[in-house]
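The values are calculated or read from the model by the stated rules, or taken from the named source; none is laboratory data. Given the structure is predicted, the values throughout are model-derived calculations rather than measurements. We place every Cβ from the backbone using ideal geometry, glycine too, and count neighbours over all the protein chains shown.
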Amino acid sequence: MAREKKVEHYDVVIIGAGASGMTAAIYCGRARLKTLILEKALVGGLATYTNEIENYPGFPNSPKGEDITDLMKEQAKKLGAIFKGTEVQSVDFTGEEKKVETFRNTFIAKSVILATGGRPRTTNAKNEENYLFDKGISFCATCDAAANTDKTVVVIGSGDAAIEEGMFLTRFAKKVIVSVMHDEGKMDCNEIAKEAALKNPKMEFVWNTVVDSFEGEGHLDTVVLKDLKKNELVPVKCDNCFEFIGYLPNTEIFKGIIDMTKNGYILTNEKMETNIDGVFACGDVREKWLKQVATAVGDGAIAGFAAEKFIAETEIFEDTVMKKDKNGVIYVYNAIEQAQRELLPMIEELNAKHGDEFHFTKIDVYKSDGIARKLGKTVYPYVAIVKNGKVAELIDTIEADKIMEAVK
Ligand SMILES: Cc1cc2nc3c(=O)[nH]c(=O)nc-3n(C[C@H](O)[C@H](O)[C@H](O)COP(=O)(O)OP(=O)(O)OC[C@H]3O[C@@H](n4cnc5c(N)ncnc54)[C@H](O)[C@@H]3O)c2cc1C
């Protein structure tokens, strides 16, 4: 017999406890929202795999990634966020209440923040899993270049990331050997990067190759390449290897529900809003230019703040705007527009005269346009006439007689 799942209610559920999710939790916790953060693996996310983070502001002594993310966890907990170690298996965002399903639980939330990050694409060559991260295979030149000063490194790939990151590595390493799967002179990167790389004296290229295996006692010391044309193995001695063959977002469970790029990155606007009202995405999981801890934290702050605003606006909308006891008049205006401000006394006068019979509400979209969007119109000013808790009419020509006639 199928087990009944335990149902729990929260204001906000955050999926993923990396830097972005935990920052969102800090903002939601501080806004006194009942906040749950779900993590399937390591609290701290991808940053915990980094031995040294040199570029996160405020930490000049290059701490380990987990030293920073442990502090984020402490801060989020202190502000009331609840952490649970469990994997989200599916989500249902069809109703007003959003559902997040794990093996044992159904979590119901007013708002959900997707912060599931991503994972580097790997080659799937032999022994690869034995050398991932601190054992010789890295995925981030920005992070690990300095540790390769005067060393020999292998770079896998020839796309923009591989060649540009490879060039960056030449500032530190004594030699950067690039494995390219194409014929000599052919690369997947842009022409400018290609020309610069071919001229760089510290860069060497091994054409027509893919990785066959990774070898070494404890730590990687040889990348065995396979020459696809000659069908020969080419062992390349090195200190470390960097794989730049793409990045995979952790978005499988959101497919068909949330709008994404063809590569599976979630599309958001600058408020971290997705295509679904009340569902936000932040950090590496979203389509963006620079995927780093500093930018994940920035996204998380916006997502947490946006979730708080969304919940507050929904409550105002339900409790104030759409009251069913009397018909209502909602004046939606932008306070920075003088002409729109000038209509306020007229609305106030109507309220003074007819306030016993009808509700009169003013919504300033300069502060937030969420309620205006719920009313269904984002060109201002206008008056929404509400009857039986529903928008009955939107009036653009704002005149006292017209409003009173419509609201009766
Ligand atoms: C090796 C390496 C070194 C790096 N070094 C640096 C550096 O020096 N400086 C820097 O600024 N950046 C660095 N980065 C990049 C940085 O780590 C990321 O940009 C940052 O961690 C992104 O944070 P995030 O919260 O968006 O995602 P993540 O850190 O990826 O966190 C997402 C979390 O969501 C969880 N999750 C996913 N799916 C589910 C699910 N279904 N249910 C529950 N939980 C789920 C994951 O387990 C993960 O913990 C490095 C990256 C790598 C790979």
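Numbers at a glance
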| quantity | calculated |
| --- | --- |
| Residues satisfying the stated conditions in the range 103-124, i.e. farther than 20 Å from Ala19 by Cβ and crowded, with 19+ Cβ neighbours inside 10 Å | Phe107, Ala109, Lys110, Thr123 |
| Tyr366 vs. criteria surrounded by fewer than 18 Cβ atoms within 10 Å (Cβ to Cβ), hydroxyl-bearing (Ser, Thr, Tyr), under 29 Å from Ala306 (Cα atoms) and under 34 Å from the mean Cα position of the chain (by Cα) | yes |
| Enumeration of residues in the range 27-65 that are touching a Lys or Arg at 6+ places or on another chain (Cβ under 7 Å) and more than 9 Å from the ligand (Cβ to nearest atom) | Leu36 |
| Exclusive hit being away from the ligand (no atom under 11 Å from the Cβ), among the acidic types (Asp, Glu), modelled with pLDDT of 95 or more and not assigned by TED's automatic domain parsing to the domain that holds Glu52, set Asp70, Asp150, Asp92 | Asp150 |
| Qualifying residue in the range 155-164 (condition: surrounded by fewer than 17 Cβ atoms within 10 Å (Cβ to Cβ) and either more than 23 Å from Trp289 (Cα to Cα) or out of contact with any Asp or Glu (no Cβ under 8 Å at 6 or more places or on another chain) (or both)) | no |
| Check on Thr222, touching a Cys at 6+ places or on another chain (Cβ under 9 Å) and among the β-branched types (Val, Ile, Thr) | yes |
| Scan of the range 195-244 for residues that are surrounded by 14 or more Cβ atoms within 10 Å (Cβ to Cβ) and of a type in the set (S, T, N, Q), ordered by number | Asn200, Asn208, Thr209, Ser213, Thr222, Asn240 |
| Among (1) modelled with pLDDT under 95; (2) more than 30 Å from Glu315 (Cβ to Cβ); (3) more than 14 Å from the ligand (Cβ to nearest atom) - the single one Lys126 does not satisfy | (1) |
| Subset of the range 379-408 (residues that are more than 19 Å from Gly355 (Cα to Cα) and over 39 Å from the mean Cα position of the chain (by Cα)) | Thr397 |
| The range 274-305, residues that are more than 16 Å from the ligand (Cβ to nearest atom) and either touching a Phe, Trp or Tyr at 6+ places or on another chain (Cβ under 7 Å) or outside any loop (DSSP other than H, G, I, E, B) (or both) | Ile276, Gly278, Phe305 |
| Any hit, the range 386-398, residues being touching a Leu at 6+ places or on another chain (Cβ under 7 Å) and in a loop (DSSP other than H, G, I, E, B) | yes |
| Those residues of the range 42-61 which are part of a loop (DSSP other than H, G, I, E, B), surrounded by 15 or more Cβ atoms within 10 Å (Cβ to Cβ) and among the small types (Gly, Ala, Ser), in sequence order | Gly44 |
